[in-house]
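Peer 1: Have a look at this one before I ask anything.
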Amino acid sequence: MQNHNNGKPLSALLSENDQKPPYSSPRISFKSKSYNSGDEFGSPWNVAPSSTPSPSILYHCISALYRQEGTIFALAIAKGLVFTGSESCRIRAWRQPDCSERGFFLASCGNVRAILAHGNTIYTSHKDCKVRIWRIVSGPDGFKGKKVGVLPKPQQILGVIPVKSGLKHKDCISCMAMNLTEGLLYTGSWDRTIKVWRMSDDLCVDSFTAHEEQINAVVVNQNDGSVFSCSSDGTVKIWRRVYGQSTHALTMTLKFQFSPVNALALSCSSGSSLLYSGSSDGIINFWEKEKISGRYNHGGFLQGHRFSVLCLVAIDKLIFSGSEDTTIRVWRKEEGSGFHECLAVIDAHRGPVKSLAVALEMERVTFVGFLVYSAGLDQAFKAWRIKVSPEERMGFDSSDAKTKVAEYECEYEMSPVLSPAWVEKKLQGTQFLFD
């Protein structure tokens, strides 16, 4: 089932009025009313799926916030805080895991469609097709932050500094991703273009038309610099920087599905790379990278959602998906095969699940589960605690050097389009192994 009007996505049909009242107060925090059978004390934890005799996943809603008007479009996690972007001009910060409010950024323009967090820096996209850069400082006395930049820079708009292929995006910036090694920020837009910004001087170094229709998501493989983009034209494309240049070239187009692709997630571990894409037919397709050729081959699909898949997050062996059918599903890939098992189906919202953010939950130095934050078009923002059984935790506790060494054991990719940082790392690989 698709919610479209005049070719626009569901989220674009919402009102763009920035004058919204704050989140409802007092904050609602509740426990699930679905109890396990046989528990005389009434456990607040849900077992999922219900047919599993020995569940490895338990989930529980620990907090829920309701915005009286307007919708939360984007979530991001940084420095123990969860940031939310909505139709309002305020980007709010909430403390993990109880979601108590810590403060907000106040921008001159609202309709925040994408948020990207890295360290103490936050990037937000706005209705005026600009990206604002914020610096955060959190302490015992509260939350502080200030705007430190905007993309494009005012000098570029005035024509003082040359701009690559236009001043700024001509339509909504729907997604952002960062290449941490090379210090590049990628922005994807409904104007069908991707722009590349060099973070050292905030200049646009490349701009290209990537798809035939609006771009919905972009992700970067931090190991080799590959850039993945998806669009309502039904395609997923892979881009690489041309060696010695700032331009990007298309290396591969993936098109297994025939419906708009709304979300991407990349899972890289133990020398393997899996790309997941969520589309409007409710299917999650995945591709696996060949170690020698570097090509991504279609490995299968995950089927369970009834309507559009709107957001994806991948952490190690788990994949979290949010859908227009109001549910969040938790999937696990089995070692050594392409089989994926659905571990949980969470009835999360009363409307489509628009955005997800996931963080590991630790007790001292021990991994115990995940904290999942979800935002729906029902104007609700919720926090979930997902517990993992001791047997399942073993797969997440591995932190020895073998994982790092495996990254250097991959064969060189047979492609003339290579990331400069990737080439440099590969050339130093042999020395690294024997130092």
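The values are calculated or read from the model by the stated rules, or taken from the named source; none is laboratory data. Note that this is a predicted model, so its numbers are computed, not measured. Cβ placement follows ideal geometry from the backbone for every residue including glycine, while neighbour counts extend to all protein chains displayed. To get the accessible areas, we keep the full protein, side chains included, count just its heavy atoms, and leave off ligands, DNA and RNA. Shrake-Rupley method; radii C 1.70, N 1.55, O 1.52, S 1.80 Å.
Peer 1: Taking the stated definitions as given, is D325 farther than 21 Å from V236 by Cα and at pLDDT 90 or above?
Peer 2: On the way: farther than 21 Å from V236 by Cα: yes; at pLDDT 90 or above: yes.
Answer is yes for this residue.
Peer 1: Here's another thing I want to ask about it. Quick one: what pairs do we get from the range 234-255, first residue of a type in the set (V, I, T), second assigned to a loop (DSSP other than H, G, I, E, B), C-beta under 7 Å, 6+ apart or different chains?
Peer 2: T235/H211; T235/K255; I238/S226; V242/V417; T251/S415; T251/V417; T253/T235
Peer 1: May I pose another question? In the range 190-211, how many residues are crowded, with 19+ Cβ neighbours inside 10 Å and among the polar types (S, T, N, Q)?
Peer 2: Number satisfying all stated conditions: 2.
Peer 1: Something else now. Would you pick out the residues in the range 226-246 that are open to solvent by less than 10 Å² (accessible area, probe 1.4 Å), over 17 Å from I284 (Cβ atoms) and part of a loop (DSSP other than H, G, I, E, B)?
Peer 2: If the condition is that a residue be open to solvent by less than 10 Å² (accessible area, probe 1.4 Å), over 17 Å from I284 (Cβ atoms) and part of a loop (DSSP other than H, G, I, E, B), then S226 is the only one that fits.
Peer 1: Continuing with the same structure: I need a count of the residues in the range 98-121 that are of a type outside the set (G, A, S) and more than 19 Å from the chain's Cα centre (by Cα). Quick ask: steps written out before the conclusion?
Peer 2: Let us first name the residues in the range 98-121 that are of a type outside the set (G, A, S), namely 98-99, 101-102, 104-106, 109, 111-113, 115-116, 118, 120-121.
Applying the additional criterion that residues be more than 19 Å from the chain's Cα centre (by Cα) yields 98-99, 101-102, 104-106, 109.
Result for the range 98-121: 8.
Peer 1: Take the range 305-357 and flag every residue that is under 17 Å from the mean Cα position of the chain (by Cα) and basic (K, R).
Peer 2: K317, R329, K354
Peer 1: Any idea which residue in the range 99-131 is least open to solvent (accessible area, probe 1.4 Å), counting only those that are of a type in the set (S, T, Y) and out of contact with any Gly (no Cβ under 7 Å at 6 or more places or on another chain)? Before the answer, list the steps.
Peer 2: Our first condition is that a residue be of a type in the set (S, T, Y); within the range 99-131, this holds for 100, 108, 121, 123-125.
Checking the rest, the ones that are also out of contact with any Gly (no Cβ under 7 Å at 6 or more places or on another chain) come to 100, 108, 121, 123, 125.
Details: S100: 23, S108: 100, T121: 17, Y123: 16, S125: 1 Å².
Ranking the candidates gives S125 first.
Peer 1: Please go through (1) closer than 22 Å to D202 by Cβ; (2) open to solvent by less than 10 Å² (accessible area, probe 1.4 Å) for G149 and return the number of the only condition it doesn't satisfy.
Peer 2: Among (1) closer than 22 Å to D202 by Cβ; (2) open to solvent by less than 10 Å² (accessible area, probe 1.4 Å), the lone unmet condition for G149 is (2).
Peer 1: So, one more: What's the total number of residues in the range 59-81 that are in a loop (DSSP other than H, G, I, E, B) and over 19 Å from G369 (Cα atoms)?
Peer 2: From the range 59-81, those in a loop (DSSP other than H, G, I, E, B) are 68-71, 79-80; that's our starting set.
Going one step further and asking which of them are over 19 Å from G369 (Cα atoms), we end up with 68-71.
Looking only at that region, the number is 4.
Peer 1: Something else now. With the range 270-331 as the region, which strands (runs of 3 or more DSSP E) entirely inside it contain at least 3 residues that are of a type outside the set (V, I, T) and surrounded by fewer than 24 Cβ atoms within 10 Å (Cβ to Cβ)? Can you show your working first?
Peer 2: Values: elements: 272-279, 283-289, 296-303, 309-315, 318-323.
In the range 270-331, the matching strands (runs of 3 or more DSSP E) lie at 272-279, 283-289, 296-303.
Peer 1: Further question on the same structure: Where residues in the range 344-393 are modelled with pLDDT of 90 or more and outside any strand (DSSP E or B), which of them is surrounded by the fewest Cβ atoms within 10 Å (Cβ to Cβ)?
Peer 2: R350
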